[in-house]
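The values are calculated or read from the model by the stated rules, or taken from the named source; none is laboratory data. Owing to the predicted nature of the structure, the values given are computational and were not obtained by experimental measurement. Counting neighbours? That spans all protein chains shown, and the Cβs are built from the backbone with ideal geometry, glycine included.
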Amino acid sequence: MTTDVMETNMRNIFKTIKQMSYLKSFYTEGRLHIYSVLLFVSTFLWMALPFNSGPDMNIQKWVGAIQMIWPDRQKPSPDEILFIDVSKSRYLVPLDDDLIENEVITNRQYLTELFTLLAENHNQVKYVLCDVNFDMPTPDDFLLVESVSGLKEKFLTIDTYAKDELRKNLLDLRSATASIYMQRNIVYKIPYMGIYGDKLVPFQMYSDLDKVEFRKNFLFTWFSGKGLAFNNQIPQYTLRSYDFTDGNYVKIGLGELVSIWRLSPELFETFIINRYLLIGDYENDIHSTYLNKQPGTLILFNAYLHLHHDRHILSVWYLIILYIFLHWIVWLQKDKKKRHLIFKLKIKFFEPFEMPVNILSVSLLLMFFSYFSSLVFNVNISIFHLITIFSFIDFFKFIWKKRIRTKRVR
């Protein structure tokens, strides 16, 4: 391509951009900025709510599926994690004096032995997430509490919501809330704080391991030294259940681990030291996410990893791009005109391509931005509430015009 042709093409591009009514409206029509700011705020409000719309849920599933195609560079290595499965480590606890009724619970003697062995090895682990519900007393509780005491901020167990209240674990162990709002029995958004001012497990781990300070209001959360974030996160599931069955990550039964450790204490350095210990029920505590089914323990830990890698933080560039996108959508919606694309394809037998502005085309643009947000900025966002807003505005305009026409006839 010659220099003259390149200069001609560049002049044509700049001429086209200069003539664009959108750029002109961006600097001259203040009313569009008012509408854009309202949509910008509405997006933060929507992300602060615990539920998603149907299109948001479907798009998020496909976004997550595309992310699975290539490896995640921030995925923890197999030698950083050990999943300790308690599904087959159970015993019976009598519920009455006649020993007729019993409850099956996680074997607390095994847990006590595990934590005692950790203490004897100077608690050289990164963190212990004990996703076990200690909701009833047993004779073994005193020794269990004693064995956990040395772990201090390296240990966390769970509390739950039941009958519209927060139920703390009966052993008074260090804990955070594991109950998460589910829509259609599927986990989507995960908040930082619970409805009673309690911290959820992922955020408590983030506070313990990353030492963050934050300020939260009804619109957003500010993390000191990091930046702005939505009040809910839609985490990426970098660790998946098949990683522990068909992959290189280690999953071992609680009873099996304790038995092996008794015989070969030197295995501590191989399987335990400097690892995250995830203690949970791999077989029965299964929940659906927007991507696939996962053990509850992995859902909580993936949400922590999302925070640990600052994927909840909204960069300045992301906020600018989000605002420009919303402003562009508002400009397209104004008067519902057809807008010519900047670059026209001059293909023989074809007219210049035009984009009609309607609910379908706006939905496609929102879909595109959802993919762009997740794949480029690692920010999973719900923005299909805008369809509801635009539909309501169109309906209101329709009713208002009908009223005016009726008034004129009279």
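Going through Leu49, Leu39 one at a time, which residue ends up being modelled with pLDDT of 70 or more, over 30 Å from Lys293 (Cβ atoms) and surrounded by 12 or more Cβ atoms within 10 Å (Cβ to Cβ)?
Unique residue meeting the criteria: Leu39.
If a residue has to be assigned to a strand (DSSP E or B), out of contact with any Pro (no Cβ under 7 Å at 6 or more places or on another chain) and of a type outside the set (Ser, Thr, Tyr) to count, how many in segment 262-304 make the cut?
Total satisfying the criteria: 7.
Tell me, which residue of segment 262-285 that is modelled with pLDDT under 95 and aliphatic (A, V, I, L, M) is surrounded by the fewest Cβ atoms within 10 Å (Cβ to Cβ)?
Here the answer is Leu263.
Would you please list the contacts, defined by Cβ atoms under 8 Å and residues six or more apart or on different chains, that run from a residue in segment 378-399 that is farther than 19 Å from Leu364 by Cβ and not assigned by TED's automatic domain parsing to the domain that holds Tyr188 to a residue that is basic (Lys, Arg) and surrounded by 12 or more Cβ atoms within 10 Å (Cβ to Cβ)?
Correct list of pairs: Asn378/Arg311; Val379/Arg311.
So which residues in segment 161-189 are within 18 Å of Leu278 (Cα to Cα) and among the hydroxyl-bearing types (Ser, Thr, Tyr), if there are any at all?
Ser175, Thr177, Ser179
Would segment 139-159 turn up any residue that is within 25 Å of Asn284 (Cα to Cα), modelled with pLDDT under 95 and assigned to a strand (DSSP E or B)?
Looking through segment 139-159, none of the residues is within 25 Å of Asn284 (Cα to Cα), modelled with pLDDT under 95 and assigned to a strand (DSSP E or B).
Being under 11 Å from Gln236 (Cα atoms) and in contact with a helix residue (DSSP H, G or I) (Cβ under 8 Å, 6 or more places away or on another chain) is the filter here; which residues of segment 286-299 pass it?
Scanning segment 286-299 gives Thr289, Tyr290, Leu291.
One line per residue, one yes/no per condition, for (1) free of Cβ contacts under 8 Å to residues at least 40 places away in the same chain; (2) charged (D, E, K, R):
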| position | (1), (2) |
| --- | --- |
| Lys251 | no, yes |
| Glu266 | yes, yes |
| Glu269 | yes, yes |
| Leu277 | no, no |
| Asp281 | no, yes |
| Phe301 | no, no |
| Leu332 | yes, no |
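Which residues, taken from segment 253-290, are polar (S, T, N, Q) and farther than 30 Å from Ile190 by Cα?
Hits for segment 253-290 are Ser259, Ser264, Thr270.
Scan Thr245, Thr289, Thr238 and give me the residue that is buried (at least 17 other Cβ atoms within 10 Å of the Cβ) and either free of Cβ contacts under 8 Å to residues at least 60 places away in the same chain or touching a strand residue (DSSP E or B) at 6+ places or on another chain (Cβ under 6 Å) (or both).
Values: Thr245 fails: buried (at least 17 other Cβ atoms within 10 Å of the Cβ); Thr238 fails: either free of Cβ contacts under 8 Å to residues at least 60 places away in the same chain or touching a strand residue (DSSP E or B) at 6+ places or on another chain (Cβ under 6 Å) (or both).
Among Thr245, Thr289, Thr238, only Thr289 is buried (at least 17 other Cβ atoms within 10 Å of the Cβ) and either free of Cβ contacts under 8 Å to residues at least 60 places away in the same chain or touching a strand residue (DSSP E or B) at 6+ places or on another chain (Cβ under 6 Å) (or both).
Report, by residue number, each residue of segment 248-261 that is of a type in the set (A, V, I, L, M, F, W, C), assigned to a helix (DSSP H, G or I) and surrounded by fewer than 17 Cβ atoms within 10 Å (Cβ to Cβ).
If the condition is that a residue be of a type in the set (A, V, I, L, M, F, W, C), assigned to a helix (DSSP H, G or I) and surrounded by fewer than 17 Cβ atoms within 10 Å (Cβ to Cβ), then Ile260 is the only one that fits.
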